[in-house]
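Worksheet for the structure shown next.
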Amino acid sequence: MHTIFGVPTMALFGQLLIGLINGSFYALLSLGLAVIFGMLNIINFAHGAQYMLGAVAAYLLLNYTGIGYWPALIIVPIVIGAIGILIERTFLQWLYKLDHLYGLLLTFGLALIIEGVSRNYLGTAGLPYNLPDSLRGGHNLGFMFLPNYRAWVIGVSLVVCFGTWFAIERTRLGAYLRAATENPTLVRAFGINVPRMITLTYGFGVALAAFAGVMAAPIYNVSPNMGSELIIVVFAVVVIGGMGSILGAILSGFGLGIVEGLTKVFYPEASSTVIFVVMAIVLLVRPAGLFGRGT
Amino acid sequence: MKHVDPLGPRVLGFGTQSQTVGFAVLVVVLIAAPFITYPPFLMECMCFALFALAFNLLVGYVGLLSFGHALYFGWASYVAAYAAKSWGLPPILAILAGTLTGTVLGLIAGALAIRRQGIYFAMITLALAQMMYFVALRVPFTGGEDGIQSVPRGHVFGVLNLANDTTMYFFVLVIFIAGFLFVHRIIHSPFGEVLKAIRENEPRAISLGYKTERYKLMAFVLSATVAGLAGATKALVVQIASLTDVTWQMSGDVVLMTLVGGLGTLFGPIVGSFVILSMQYKLAWIGQWVLVIQGVIFVVCVLLFRRGIVGELAHRLRIRL
């Protein structure tokens, strides 16, 4: 058997793959957080809960209506995104003129509500979500076994992440968005409906979280706790990457997933804390974050 | 020109007249309370009130939202419990050990967190607290999922037996009042005035020559210390230190208590913690719905009731509380 630094290559690549999978979710979620923060100036604490809601919705669709994975991948983000729009219109729009911390507190409250309701109906144990038949099985690449679904998740996240990056950095709509982030008053003066853009941005960010939730459902068990555990790690990822750059959020998401995977191979005891340790080191060395502009 | 304080004359150097009255009422109520309600519940309330006072020192007077205050509270609780049980330290030394843990952790976490501002600050404090939660889960001395159980309360000065709930109550009351006066002293000192200046306009405070980072770090360490005192005392009150106290939910609870009572008010955190704890006890039977109710309270407070109970009262009566 081949080994690298005394670790069997199979185990090494296996953990790297898991790292990439986790990284996909870190990237998707931190991307959503960064987009929302850019427009709304609010840190969406409910992001984890909305991700969980995506997984739960996929589970409910499959088990109560028989609607499978593929339709869920489209339906769930649209529905949860619409709920997000409703949340922005009813709650968040009143907070833009207030201190940052109120946005955090309100979305924290929303996260508690969503998680509490889910726990009441689903319990705290994880519920399994069956893979669609078309994505079962896998390929032996010689140095490791690659399950099809995992390859699919990594591929789709990459496409979605870079699609979002392209839409924001390279299209006209994205240019409006960036302009409105810099100076909403001026953009409004040009006749662009900024409040509607803000609403849609939040809806898009929430839909992204729900999309990640559906993708996560077959990999992790569907459980009401899955969001809150993840969101705190994603916060650390966002602190490391800095929210100023979309590309930064994507790169640090995938990068930290890999770092976490490698830690599981070489020093498993630290795997749950390594991202936070990296965060502390980055704060010491580059306080503005790896891709941050100012503080 | 003679300086006239718009909020009324100051009495005995203790803030405003209304605050002195408030303090007197607080002391009288807390002395009478154990003869009316269940002392263990009141003791726990006082520990959480002290915790919320510590949290409010940061958010209410420096404008720094720490979303990871469970770190200092929970770890102080572990160290105090361990010191009392495994080292057999007397209660006062055990509490001091716990409090010191809060100070040291506050110094480390604070030094990291103040390197970023605004919303990042909240995320960093939350992430660091979560990291130490995982550490607490792993290291042997915390007892992992079991926690440290049946912590002895011991004897103060070898005489007063704290196993007696009434004795313990007045012991906790003394700690609580001392902690309250300490926080009050900080807020009303020249140091506290600089903190408020930083909260209102940090660039201006910098331009006036204040090294705001040092002030923020100092405030952070003081807040973590008081949170540690609260956690250490709680470990002896409930005689257990467990993972519950280091979770992000605990950090959220103290935010809620302070928000409900009134951010940036002297008495708000105390009122808020009594209200929230009473609610948690009364509604324990509905299980997970408590989480939902707390979420709803968050939303309602942020949208409609940002002053909190004490803040609203003070606003209506045009006094400072």
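What about B:V21, is it over 17 Å from B:L243 (Cα atoms) and without any contact (Cβ under 8 Å) to a residue 24 or more places away in the chain?
Yes; evaluated as a whole, the condition is true for this residue.
Does A:V233 satisfy the criteria of being in contact with a Gly (Cβ under 7 Å, 6 or more places away or on another chain), crowded, with 21+ Cβ neighbours inside 10 Å and in a helix (DSSP H, G or I)?
Considered against the rule, which asks whether it is in contact with a Gly (Cβ under 7 Å, 6 or more places away or on another chain), crowded, with 21+ Cβ neighbours inside 10 Å and in a helix (DSSP H, G or I), A:V233 comes out as no.
May I ask you to list the residues in the range B:281-297 that are within 13 Å of chain A (Cβ to nearest Cβ) and assigned to a helix (DSSP H, G or I)?
B:I286, B:W289, B:V290, B:L291, B:V292, B:I293, B:Q294, B:G295, B:V296, B:I297
Quick one: which helices (runs of 4 or more DSSP H) sit completely within the range A:169-224 and have at least 3 residues that are polar (S, T, N, Q) and either more than 30 Å from A:I18 (Cβ to Cβ) or modelled with pLDDT under 90 (or both)?
none
Considering each of B:A109, B:A94, B:A49 in turn, give the residue that is within 11 Å of chain A (Cβ to nearest Cβ) and assigned to a helix (DSSP H, G or I).
Exactly one residue qualifies, and that residue is B:A109.
So if I check each of A:L98, A:L86, A:L105, which one is surrounded by 22 or more Cβ atoms within 10 Å (Cβ to Cβ) and within 14 Å of chain B (Cβ to nearest Cβ)?
Within the list A:L98, A:L86, A:L105, the selection yields A:L105.
Is it the case, given these coordinates, that A:T164 is in a helix (DSSP H, G or I) and touching an Asp or Glu at 6+ places or on another chain (Cβ under 9 Å)?
no
For the range B:52-91, give me each residue that is in contact (Cβ under 8 Å) with a residue 60 or more places away in the chain, more than 15 Å from B:L105 (Cα to Cα), more than 14 Å from chain A (Cβ to nearest Cβ) and assigned to a helix (DSSP H, G or I).
B:A52, B:L53, B:L57, B:A81, B:Y82, B:A84, B:K85, B:P91
If you scan the range B:66-103, which residues turn out to be surrounded by fewer than 23 Cβ atoms within 10 Å (Cβ to Cβ) and in contact with a Ser or Thr (Cβ under 7 Å, 6 or more places away or on another chain)?
Within the range B:66-103, B:T103 is the sole residue that qualifies.
Give me the pairs, please: first residue somewhere in the range A:131-150 and touching a residue at least 12 places away in the same chain (Cβ under 8 Å), second residue anywhere and in a loop (DSSP other than H, G, I, E, B) and aliphatic (A, V, I, L, M), beta-carbon distance under 8 Å, and either six or more positions apart or on two chains.
Sorted first by the residue in the range A:131-150, then by its partner, the pairs are A:Y149/A:L131; A:Y149/A:I219; A:R150/A:I219.
Could you check the range B:304-321 and list, in sequence order, the residues that are surrounded by fewer than 16 Cβ atoms within 10 Å (Cβ to Cβ) and within 14 Å of chain A (Cβ to nearest Cβ)?
B:L304, B:F305
Taking the range A:108-141, which residues are surrounded by 19 or more Cβ atoms within 10 Å (Cβ to Cβ) and of a type in the set (G, A, S)?
Within the range A:108-141, A:G109, A:A111, A:G116, A:S118 qualify.
Considering only residues that are of a type outside the set (D, E, K, R), within 13 Å of chain B (Cβ to nearest Cβ) and over 19 Å from the mean Cα position of the chain (by Cα), which ones fall in the range A:234-272?
Matches in the range A:234-272: A:T263, A:Y267, A:P268, A:A270, A:S271.
The values are calculated or read from the model by the stated rules, or taken from the named source; none is laboratory data. Computed from a predicted structure; not experimentally measured. When we count neighbours, we look across all protein chains shown, and the Cβ atoms used for this are built from the backbone with ideal geometry, even at glycine.
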